[in-house]
Amino acid sequence: MSKRIILTGFLALGVLASSNAFASRASELVLGSGDAGMVLNSGSLFYDEAYNIFYNPAYVNDFKNWGTIEKSNYPGTTAQGGFVASMMNFNVGLYFNRGDVFGPGVSYNNGGKAPVRPIELFVGSDMGWKWGLSVSYGSYFYGEGNSVSTDANVSLGFEFGGFEPFGTIKVVGDEPAESSGGTVKHSLWRAGTRYHWGEWVPYIVMAQAGAGLEGSEKTKGAAIGGGLGRSAKVAEGVRMNYALSYWNSWVTPAGGEAGAHRNVVPIDFSLEGDANTWLTLRDGVSYRLVDRTGAASNADTTTGRLGATVHAGKADFDFAVGKATLGQQTLSNKEAGTEYDGQAFDIGNNFFSAASFTYHW
């Protein structure tokens, strides 16, 4: 009888470990984001995970008391990490060096200079309805003429009655224009909501980013779309996630008319299963039923990714398996996924596309 009790306890711990959804870059790469890479810079729209705090900081109240350190092949070769902890009636977090924190703008390119070493602060509370606020900041001093790049975003989110609205705005986005000696002004805003309807999650999001010399019109890119996703337990210790969505994006040159619209209908599908009490395996595919700019089809960007989590008490080691292509880690490649999806498998350089160690309490 005692052996049965112990075995049952271990099985229960295994199920809990796989359902806690303490996210990482590694797990996101496999499970997908549900936005075709158009509006988010981390997190997922169709399943619940800790990194959703990066677009809706209200989730800091749902995923708290954890700390993580990560390495990945994108962006660059930088490391990142942070924590969320409870303090009195608030949940507070700090996250360091997330390379794609600011969205399209200064932090991606920075004139070919070094990264801006961003830092993010999160605070939230549950007052019967949940709220969260985050502030992201980064800067880079060029030294020449005392010029500096500065970037800062503010995000706000809520949870009430199943609705989960969120928004982000760039409050500072200044970058020296080396060719003219002026300043390039970057802008960014994003707004959307999810709704929890049992296991189903409908969502809609719109975003716009722009850049241009101070005093002149900006070139702007915009995207709008939405979808329906579901995360469900399909067997003991096995969870299935899937989403169908539609996205439309376009670019408007400074002082010009909007260019050809890009229409994308992505299908995201993934599975997670407990191989035993200490190991969770996952795989995922992202397939685009439609991907056209104007009347022309775009290149096939279907991804198939594999990963796993090793559980050891309250600690998790996540990793995603892949073969990265060095020297091609740009925003467009992030959206297409090519930097993780080289087809040569070996145990040499870049075998682990991403890895993290997370402890939760």
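The values are calculated or read from the model by the stated rules, or taken from the named source; none is laboratory data. Quantities reported herein were computed from a predicted structural model and do not represent experimental measurements. When we count neighbours, we look across all protein chains shown, and the Cβ atoms used for this are built from the backbone with ideal geometry, even at glycine.
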Would you mind telling me which numbered condition in (1) in a strand (DSSP E or B); (2) in contact with an Asp or Glu (Cβ under 6 Å, 6 or more places away or on another chain); (3) over 16 Å from G226 (Cα atoms); (4) of a type outside the set (K, R) G255 fails? (1)
Check whether at least one residue in the stretch 62-79 is among the small types (G, A, S) and either over 30 Å from A222 (Cβ atoms) or modelled with pLDDT of 90 or more (or both), and report yes or no. yes
Do we find that N91 is of a type outside the set (K, R), part of a strand (DSSP E or B) and modelled with pLDDT of 90 or more in this structure? yes
Of a type in the set (G, A, S), modelled with pLDDT of 95 or more, crowded, with 19+ Cβ neighbours inside 10 Å and under 22 Å from F166 (Cα atoms) - does that describe any residue in the stretch 100-111? no
When every residue in the stretch 257-268 that is of a type outside the set (D, E, K, R) and in contact (Cβ under 8 Å) with a residue 40 or more places away in the chain is compared, the one surrounded by the most Cβ atoms within 10 Å (Cβ to Cβ) is P266
I224 vs (1) among the aliphatic types (A, V, I, L, M); (2) buried (at least 21 other Cβ atoms within 10 Å of the Cβ); (3) closer than 23 Å to R292 by Cβ: all pass except (2)
Report whether or not G198 is over 30 Å from L45 (Cα atoms) and without any contact (Cβ under 8 Å) to a residue 40 or more places away in the chain. no
Among residues belonging to the stretch 276-316 that are more than 25 Å from L244 (Cβ to Cβ) and charged (D, E, K, R), point out the one that is surrounded by the most Cβ atoms within 10 Å (Cβ to Cβ). D316
